[in-house]
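So the structure is just underneath, and the comments pick up after that.
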Amino acid sequence: MIKFFIKEKRIEKHLSIRKLAKLSGVSKSFISYIEAGDKKPSLETLCYLARALQCDVSELYRFSP
């Protein structure tokens, strides 16, 4: 699931949710919701997160349900 990949990638890059939020422009609370599986990000949000995580957005889709 996408939530596991985002969290795994964030931890791998030694980023806190706060730092990922700053790098991506996505709010801390929304990232928390995504990682908890409570919200699903839009394509635009996935692009912002992928850029901040230095990965291709297709990697995020590969892991989404």
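Every number in this text was worked out from the coordinates using simple rules, so none of it is lab data. Just so you know, these numbers come straight off a predicted model, no measurement behind them. Here Cβ is always computed from backbone atoms with ideal geometry, including for glycine, and neighbour counts include all displayed protein chains.
Tabulated data
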{"item": "Expected 222 nm ellipticity per residue - DSSP helices of 4 or more, -39500 (n - 2.57), all of the chain, to 500", "result": "-19500 deg cm²/dmol"}
{"item": "Ordering of 33-44, 14-25 by packing [mean C-beta count within 10 Å, highest first]", "result": "14-25, 33-44"}
{"item": "³J(HN,Hα), Karplus 6.51/-1.76/1.60, whole Hz, each residue of the range 6-23, x for Gly, Pro", "result": "4, 5, 4, 5, 5, 5, 4, 8, 6, 10, 7, 4, 4, 5, 4, 4, 5, 5"}
